[in-house]
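Here is the structure we will look at.
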Amino acid sequence: MTQRGETQSKAKSTDDSAAPGFSQPGANDVSGVQDDWVAQTLKTSPAISITTDILPSDSAMGIEAPPLPTEQLLEMYRGALTIRLMEESLLAAAEEGKIGGAMHTAIGHEANAIGAAFALRPGDYITCTYRGHHHGLAWGMDPGRAIAEVMGRADGFAKGKGGSMHFVSPEHGLMGANGIVGAQAPHAAGLALASWLRGEDRVAITFFGDGAFYQGVMHETFNIAAKWKLPLIFYCENNRYSEMTPIWRTSSIDDIYLFPRSYGMASMQIDGNDVEVVHAAVSQAAARARAGEGPTFIEGITYRLAGHMAGDLETYRPQAEIEMQKAYEPLTVLRQKLRARGVEETQIAAINEEVDESMDEAVAFAEGSPWPDPAEAYRDVYT
Amino acid sequence: MRRTTYIQAINEALREEMRRDENVFLIGEDVGHYGGLFRVTRNLLDEFGEKRVLDTPISEQAFVGMALGAAMVGMRPIVELMYMDFTLVAADQIFNQIAKYAYMTGGLLNIPLVIRGQQGGGKRYGSQHSQSVESLYAHFPGIKVVAPATPYDAKGLLKSVIRDDNPVAFLEHKMLYFTRGDAPPPDEEHLIPIGKAEVKREGSDLTIATFSYCLLQALEGAATLHEKYGIDCEIVDLRTIEPLDTETIWESVAKTGRLLAVHESYAMCGIGAELVARAYEEVPHLLRAPARRVGMAPVSIPVSRALEEEVLPWKEEIIATVLEMERE
């Protein structure tokens, strides 16, 4: 069987008749369960591979993404760059042996978190996977304390007990990153349930990867969320690799976003590297959720530029693929947008410098943070 | 004193706590319109409506995980597992998530959640619907484990459990459901503290530490031992497995000098193994004979009445073991 990833076909190509099993979204019949909004989404969705195809940075797939104010884009750029620099600092620290265990960075995923965070409100809830540093920062966690947590220091958000895989900050709505793939989805559904039971208008969003899509608990959660019309957003950051294996090797379906429609759920596939597109998609999904219209599934196509985890040998993908993807990565896209708005290079450079400096301070803060008191190990088992 | 069945006592506790606190809600399979497979949640839907009594699809991982999510923000979900055996279906959510959540978040979140349902053998449900899971729960720090044997205790403990700010597994037993016993008047602030054992029969020769349906078997066994052999057993009902009230047990052993732990889950790595080990660690000077334990035979639970009765550690096995110990 011909697999798309092997042919390296160009994105937007609809000529995949040679690839058995790959449906064409535009030709898909979703009769019966979809409302007009979804039908419209579907109609405007170009066929795009979920394998290693290049994703055009300007493709707002299936949705209209109104331009955001330049001031907000600048803030988004600052946020995305903060994530990028923190992740790079963490990778460097891991190489120096300052970080133990498994650490998964989100380099290349930044726009998914930033676009979504700017689209939601204070009081909304989020859960995510162990690749969750970007969500932590996007939702407002202090980078110094975040790094301290990864390093297991006393000033970490969870006093060093959670580490990289368990970012949590309830004051910012982040109710927990999770070390078990897919386990966080029902938690978000439960948070959405709490909002619904209390008659609040809070929305919950849960982030997961393409690999998590195949966990049984995800599908259990899709069904209940859709049936109960929970105010919930399922956001799949499809970076096209489930850990070290390209998704096309293990997935029996081509376009993940089509599948949740079987549960009667609205869904869309978007460019997850474009903050404006992510912002628009999550805004639409949140509006639906707050209006009592139930959950939305968003598949954000993105790409992980670093390894699955610190120390990943990355034998499963060619360097050329990574280089190719760099043209479409979130920071490059954001800078292009800013330049197109007439933002001066000096202004971008100034932000770069500021973020760089504050990241140095954050790392210094974390490294200066004391180890937790050994007695801390015995606290918090029970309340 | 008024008498109720075990089921009625639990139903009353649920109703009273749902009236008392609007954050309390029920979630599980067939708990609403049907009223629970064993009718434990009967009529609660009528009073509280579909937002407080939620019928789920057969998706244990999802609804247990959702209960956790809701508990993170102060809701007090009570999850019914139709059979406690289904703990294994939802094991990731229970042991990897619920038990660890407060700890992994450094105490930023606490999880006021109850997982309740019936377990145990005796009704010929076979290998996947008759197991006892208390030692599984007790193995993981972060979940309290409660297993009452009487309607009185069931009501008082369930009310305490619902008000507790931690996750608790509340283990009922299918053989206890239709037993009757003293019950306090409804709507009373009848609370039995978690973590307190109780002496259910006084005696001077030997201490039997047990809980749940085995308590009834031990009481019957003790009556026989007294009548036929003149042996006077003291029976301590643990009521709570985690945290374990060893103080009450050691007080009894100080009197009798002999300890027999009895439970329905496997002897291997069971609560009996734990109790016997702790007795030798903490109070070896009190033991005048080797401490022993009785548990399920190391086989899956068979359906046939003849076979099931063979492997369950009930009255006859308790009597035989006590007689052996008395000879030592």
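Screening A:ALA185, A:ALA158, A:ALA194 for residues that are in a helix (DSSP H, G or I) and either within 30 Å of A:GLY368 (Cβ to Cβ) or over 15 Å from the mean Cα position of the chain (by Cα) (or both) leaves exactly one candidate, A:ALA194.
Residue by residue, here is whether (1) surrounded by 12 or more Cβ atoms within 10 Å (Cβ to Cβ); (2) closer than 18 Å to A:THR70 by Cβ holds:
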| position | (1), (2) |
| --- | --- |
| A:ILE351 | yes, yes |
| A:GLU357 | no, no |
| A:ALA362 | yes, no |
| A:PRO374 | no, no |
| A:VAL381 | yes, no |
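Sort out which residues of the range B:229-278 are among the basic types (Lys, Arg) and either part of a loop (DSSP other than H, G, I, E, B) or at pLDDT below 95 (or both), and write them in order of number. Once the filter is applied, which keeps residues that are among the basic types (Lys, Arg) and either part of a loop (DSSP other than H, G, I, E, B) or at pLDDT below 95 (or both), the range B:229-278 yields B:ARG239, B:ARG258. Taking (1) surrounded by fewer than 23 Cβ atoms within 10 Å (Cβ to Cβ); (2) touching a Gly at 6+ places or on another chain (Cβ under 9 Å) in turn, A:ASP142 satisfies each apart from (2). Restricting attention to the range B:137-152, the residues being in contact with a strand residue (DSSP E or B) (Cβ under 8 Å, 6 or more places away or on another chain), assigned to a helix (DSSP H, G or I) and surrounded by fewer than 24 Cβ atoms within 10 Å (Cβ to Cβ) number 2.
All conditions in (1) among the hydroxyl-bearing types (Ser, Thr, Tyr); (2) crowded, with 24+ Cβ neighbours inside 10 Å; (3) more than 8 Å from chain B (Cβ to nearest Cβ) hold for A:THR127, with the sole exception of (3). Considering only residues in the range B:283-318 that are small (Gly, Ala, Ser) and over 19 Å from B:SER212 (Cβ atoms), the one that is surrounded by the most Cβ atoms within 10 Å (Cβ to Cβ) turns out to be B:ALA291.
Does A:THR302 satisfy the criteria of being at pLDDT 90 or above and either within 26 Å of A:ALA194 (Cβ to Cβ) or out of contact with any strand residue (DSSP E or B) (no Cβ under 9 Å at 6 or more places or on another chain) (or both)? Before you say what the answer is, go through the steps one by one.
Numbers: at pLDDT 90 or above: yes; either within 26 Å of A:ALA194 (Cβ to Cβ) or out of contact with any strand residue (DSSP E or B) (no Cβ under 9 Å at 6 or more places or on another chain) (or both): no.
No; evaluated as a whole, the condition is false for this residue.
If the condition is being more than 7 Å from chain A (Cβ to nearest Cβ) and of a type outside the set (Gly, Ala, Ser), then the range B:47-62 contributes B:GLU47, B:PHE48, B:GLU50, B:ARG52, B:VAL53, B:LEU54, B:ASP55, B:ILE58, B:GLU60. Say whether the condition of being without any contact (Cβ under 8 Å) to a residue 24 or more places away in the chain, within 17 Å of B:THR321 (Cβ to Cβ), assigned by TED's automatic domain parsing to the domain that holds B:ALA279 and among the aliphatic types (A, V, I, L, M) is met by at least one residue in the range B:194-209. Checked against the condition, which is being without any contact (Cβ under 8 Å) to a residue 24 or more places away in the chain, within 17 Å of B:THR321 (Cβ to Cβ), assigned by TED's automatic domain parsing to the domain that holds B:ALA279 and among the aliphatic types (A, V, I, L, M), the range B:194-209 yields no hits at all.
Scanning the range B:135-162 for residues that are of a type in the set (Phe, Trp, Tyr) and in contact (Cβ under 8 Å) with a residue 60 or more places away in the chain yields a total of 2. Taking the stated definitions as given, is A:GLU149 part of a helix (DSSP H, G or I), more than 26 Å from A:PRO295 (Cα to Cα), more than 8 Å from every other protein chain (Cβ to nearest Cβ) and of a type in the set (Asp, Glu)? Considered against the rule, which asks whether it is part of a helix (DSSP H, G or I), more than 26 Å from A:PRO295 (Cα to Cα), more than 8 Å from every other protein chain (Cβ to nearest Cβ) and of a type in the set (Asp, Glu), A:GLU149 comes out as yes. Within the range B:7-15, not a single residue is buried (at least 22 other Cβ atoms within 10 Å of the Cβ) and either of a type in the set (Ser, Thr, Tyr) or within 13 Å of chain A (Cβ to nearest Cβ) (or both). Does B:ALA320 fit the bill of being more than 19 Å from B:SER265 (Cβ to Cβ), in the same structural domain as B:LEU225 (by TED's automatic domain parsing) and not in a helix (DSSP H, G or I)? No.
May I ask you to list the residues in the range A:161-172 that are more than 7 Å from chain B (Cβ to nearest Cβ) and either within 16 Å of the chain's Cα centre (by Cα) or hydrophobic (A, V, I, L, M, F, W, C) (or both)?
Initially, the range A:161-172 is screened for residues more than 7 Å from chain B (Cβ to nearest Cβ), giving A:163-165, A:167, A:169, A:171-172.
Of everything in the range A:161-172, those that are more than 7 Å from chain B (Cβ to nearest Cβ) and either within 16 Å of the chain's Cα centre (by Cα) or hydrophobic (A, V, I, L, M, F, W, C) (or both) turn out to be A:SER164, A:MET165, A:PHE167.
Which residues, counting only those in the range A:173-182, are within 7 Å of chain B (Cβ to nearest Cβ) and not in a strand (DSSP E or B)?
Kept after step one, since they are within 7 Å of chain B (Cβ to nearest Cβ), are these residues of the range A:173-182: A:175-176, A:180.
Residue satisfying the conditions is A:ILE180 alone.
How many residues, within the range B:87-134, are touching a residue at least 24 places away in the same chain (Cβ under 8 Å), surrounded by 24 or more Cβ atoms within 10 Å (Cβ to Cβ), among the polar types (S, T, N, Q) and within 9 Å of another protein chain (Cβ to nearest Cβ)? Residues meeting the conditions: 2.
The values are calculated or read from the model by the stated rules, or taken from the named source; none is laboratory data. Here the structure is a predicted model, which means the values were calculated and not measured. FYI the Cβ positions are ideal-geometry reconstructions off the backbone, even for glycines, and counts take in every protein chain you see.
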